[in-house]
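In what follows, a structure is listed as structure tokens, so that the remarks can point back to it.
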Amino acid sequence: GSIGKDGYRHYMEKELHEHPLVIGQTLQRMVDPASRRVMLPEMPFDLASVPRAVITACGSAFYAGMIGRYWLEDIARLPVDIDVASEMRYRNPPLTAGSLGLLISQSGETADTLAALRSLREKAVHILSVLNVEHSTMARESDVVLGTVAGPEISVASTKAFTAQLTVLACLTIATARARGTLDALGEEELVSALLDLPSRAAEVFTQGAAVRRMAQIVAEARDVLYLGRGSMFPVAMEGALKLKEITYIHAEAYAAGEMKHGPISLIDRTVPIVASAPYTPLFDKTLSNLQEAKARGGRLLVFTDTKGAERVSAIAEDMVVLPHVHDFVAPILQTIPVQMLAYEVAVLKGTDVDQPRNLAKSVTVE
Ligand code: AGP
């Protein structure tokens, strides 16, 4: 039967509210809560002996992959290459046999991602796909599938599938790090605990609805919006900018906060709001000083932070959304939720067709 909106105005709003649930369901498949260990399905290859990973995907799934790269490099010390699938399919990266091709897709049917899978396959790499639709073409052509348990996603703009992808990539990182000897049992317990804490922290994000709607009023008036983030918050900024473009038709651009002074800082004035993701992580101070630079040029700062960063952010921001403070590792997962909510609230203000934005298809099955 068809899936209803359960009283929500749009599928996107309903699916946003499913973040806590799908993170929890996805973890249930991959984590043993008693031992606080990650339990992945049997792999037809040994994660310990993979020399490098190549990550490829499109759109939001690509941004999930970018966060996966930070984790795999930092925690598992695995060399990672990443590109959008429409580029990767025509690149010819030199790869040792036994490398890992890591594909990420909600639908499992995206033409470019499928073509990239096939071109990686020719290089005799192991194909591991992170998929939401488990009976998809990509699932059939993969050596192993790690399923995101997000349920059907109807809204063209991806929401819950993205956090579910991040949850799987986090678990894959832990398993890879353990196999490669870069994470001990205590370290694993710490990271798994941070993941298990997420569903309840994610539920708390929805208490910030009023603050998100205040920000939306400002963003809805803009013609251009600049999204900023550093480290694992940079892909969160990219996700925010994509979502805004996709459903509100407002031009948005995401920049690595530290790169801003190499060009886009010249765009800044009162008419270009700056949306920054700046929770209290080791990059907080650096991000804040980039935001100071923007403010000094007349930029209006709208900042997503957390309880530990709030005091310092409030000194410079025009408005902010304060989330619970969580472990650095999982901060990008939590911080994704309010940037998606912001795009949704702006779309509602603008009265656009939220679930079916113009010119877009849910899954892009042509090149
Ligand atoms: C996200 O909001 C977009 N609709 C789009 O970028 C999407 O993530 C991309 O087309 C990839 O789709 P897939 O995950 O089904 O492969």
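Some points to look at:
- Some residue of the range 92-106 being within 19 Å of the chain's Cα centre (by Cα), in a strand (DSSP E or B), more than 17 Å from residue 239 (Cα to Cα) and more than 16 Å from the ligand (Cβ to nearest atom): no
- Hey, residue 116 within 16 Å of the ligand (Cβ to nearest atom), within 17 Å of the chain's Cα centre (by Cα), buried (at least 20 other Cβ atoms within 10 Å of the Cβ) and not aromatic (Phe, Trp, Tyr) or not: no
- All told, residue 163 falls short of being modelled with pLDDT of 95 or more and under 19 Å from residue 78 (Cβ atoms).
- Looking across the range 241-259 at every residue that is touching a Ser or Thr at 6+ places or on another chain (Cβ under 7 Å) and part of a helix (DSSP H, G or I), the one that is nearest to the ligand (Cβ to nearest atom) is identified as 242.
- Among residues of the range 119-138 being within 12 Å of the ligand (Cβ to nearest atom) and over 20 Å from the mean Cα position of the chain (by Cα), the one that is surrounded by the most Cβ atoms within 10 Å (Cβ to Cβ) is 138.
- Residue pairs meeting the criteria (Cβ under 6 Å; at least 6 apart or on separate chains; first farther than 12 Å from residue 335 by Cβ and free of Cβ contacts under 8 Å to residues at least 12 places away in the same chain, in the range 277-292; second in a loop (DSSP other than H, G, I, E, B) and of a type in the set (Lys, Arg)): none
- Candidates 355, 285, 328 - the one that is touching a His at 6+ places or on another chain (Cβ under 6 Å) and either within 16 Å of the ligand (Cβ to nearest atom) or not β-branched (Val, Ile, Thr) (or both): 355
- The number of residues in the range 300-337 that are under 20 Å from residue 169 (Cβ atoms) and not in a loop (DSSP other than H, G, I, E, B) comes to 10.
- All of 64, 85 fail the test of being in contact with a helix residue (DSSP H, G or I) (Cβ under 8 Å, 6 or more places away or on another chain), in contact (Cβ under 8 Å) with a residue 60 or more places away in the chain and surrounded by 22 or more Cβ atoms within 10 Å (Cβ to Cβ), apart from 64.
- Scanning the range 5-53 for residues that are part of a helix (DSSP H, G or I), surrounded by fewer than 17 Cβ atoms within 10 Å (Cβ to Cβ) and either on the phi > 0 side of the Ramachandran plot or touching a Pro at 6+ places or on another chain (Cβ under 6 Å) (or both) returns no hits.
The values are calculated or read from the model by the stated rules, or taken from the named source; none is laboratory data. Note that the structure is a prediction, hence the values are computed from the model and not measured. When we count neighbours, we look across all protein chains shown, and the Cβ atoms used for this are built from the backbone with ideal geometry, even at glycine.
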